Amino acid sequence: MPANFPEVWSARVIQLLTTQDVAPWLDGIAELDTEVIEVGSGAASESNIIHLPVETFQPEVLINNTTYPIALQAFTDTNVTLQLDKYQTKVTTLTDDQTIGASYTRIDSATRGHVVQINASKYRKAIHAIAPTADSTKTPVVNLDLSSATTGSEKADLAYNAIVDLKKKFDDAEFPVEGRRLVLSTELENTLLLDRNRFGNLLANINTGKVAPMIAGFEIYSYLAMPYYTSAGAKKAFGSIPGAGDQRASVAFVKTNIAKKTGMTKQYFAKAADDPENQTNKLNYRHYFIALPAKAEQVGAII
């Protein structure tokens, strides 16, 4: 077994966490340019935190001003501290026979489950955090009622109208036009697919690496693990079990208002040399990540 066995595997997991299984609806959103601060390293309360500046300053604009000197307006700014979400995997056991001379193929085989499960958890949490808590002018939620439709085409029409309605609410709130994204739930995506002529071929290529299609000014993506809302339009808590009347939502946002940050990734490793009876290595991983709206606005949903 190579002397640097733990370091090689740790480096490979970090590489995979940053290059594979990335949610396409987060592509192009830059990592926050801020330092990750580790608090309480090694303790049960260990955390990764960041300080996020919130841009609230909006200077008044004077039109055809004739009064001098121009009035002063003091700069105001705020700063919030965010704690990154912590993701941990259960311990994997590997015998020395499995790890001696391990190639990247063996490394990927042993660690892929850790990578996939961490990514699945963190992106599920991210889309839930991005989704609005409830309907408001700055966080519009549109209700899609398909009960009046009797054909697939009629259902697709109502679904399209809901997207246009959400666009209008974004327009009325004067959200930026550039960078609007809509992540479809499987229910809404399937409803649109019922109209093959307008949406069939368009949506069939969402996740094939091609440029995202556009509908009503939104870049369109899809995701299986969308958050649930109650029949009253309130977002369910993350991880809660959906009940009767709860609906999975499609979530829209302006990408310039989304903040994301990847924190530290740690490997925990116990050598087989310390377990002479079983000659088994043990390892698992801890990873920190967060994605959420920088401000409670420029996000919306269709339920």
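Residues of the stretch 129-160 that are β-branched (Val, Ile, Thr), under 16 Å from Ile303 (Cα atoms) and open to solvent by 80 Å² or more (accessible area, probe 1.4 Å): Thr133 alone. A search for C-beta distances below 9 Å between a residue of the stretch 265-279 that is over 13 Å from Gln88 (Cα atoms) and any residue that is among the small types (Gly, Ala, Ser) and loosely packed, with under 12 Cβ neighbours inside 10 Å, counting only pairs 6+ apart in sequence or on different chains, returns Gln279/Ala273. Just give me the residues in the stretch 281-303 being open to solvent by 10 Å² or more (accessible area, probe 1.4 Å), β-branched (Val, Ile, Thr) and within 15 Å of the chain's Cα centre (by Cα), in sequence order. Passing the criteria: only Ile290. Would you confirm, using the coordinates I've provided, whether Gly233 is farther than 28 Å from Gln117 by Cβ, open to solvent by less than 20 Å² (accessible area, probe 1.4 Å), not in a helix (DSSP H, G or I) and not hydrophobic (A, V, I, L, M, F, W, C)? Yes; evaluated as a whole, the condition is true for this residue.
Residues of the stretch 183-210 that are assigned to a helix (DSSP H, G or I), aliphatic (A, V, I, L, M) and at pLDDT 75 or above: Leu188, Leu192, Leu193, Leu202, Leu203. When each of Pro276, Pro213, Pro242 is tested for being under 24 Å from Pro176 (Cβ atoms) and either at pLDDT below 90 or more than 16 Å from the chain's Cα centre (by Cα) (or both), the lone residue that passes is Pro213. For the stretch 255-273, a residue qualifies if it is over 13 Å from the mean Cα position of the chain (by Cα) and either in a strand (DSSP E or B) or modelled with pLDDT of 90 or more (or both), and the qualifying residues are Thr256, Gly263, Met264, Thr265, Lys266, Gln267, Tyr268, Phe269, Ala270.
Open to solvent by 50 Å² or more (accessible area, probe 1.4 Å), aliphatic (A, V, I, L, M) and outside any strand (DSSP E or B) - does that describe any residue in the stretch 212-224?
yes
Per-residue answers, yes or no, for (1) at pLDDT 80 or above; (2) under 27 Å from Pro24 (Cβ atoms); (3) in contact with a helix residue (DSSP H, G or I) (Cβ under 6 Å, 6 or more places away or on another chain):
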position: Tyr87; (1), (2), (3): yes, yes, yes
position: Lys90; (1), (2), (3): yes, no, no
position: Thr95; (1), (2), (3): no, no, no
position: Gln98; (1), (2), (3): no, no, no
position: Gln117; (1), (2), (3): yes, yes, no
position: Ser121; (1), (2), (3): yes, yes, no
position: Ser136; (1), (2), (3): yes, no, no
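The values are calculated or read from the model by the stated rules, or taken from the named source; none is laboratory data. Quick caveat: nothing in here was measured; it's all calculated off a predicted structure. Cβ: placed from backbone, ideal geometry, glycine included. Neighbour counts: every protein chain shown. SASA here: full protein model, heavy atoms, side chains in, ligands and nucleic acids out. Shrake-Rupley method; radii C 1.70, N 1.55, O 1.52, S 1.80 Å.
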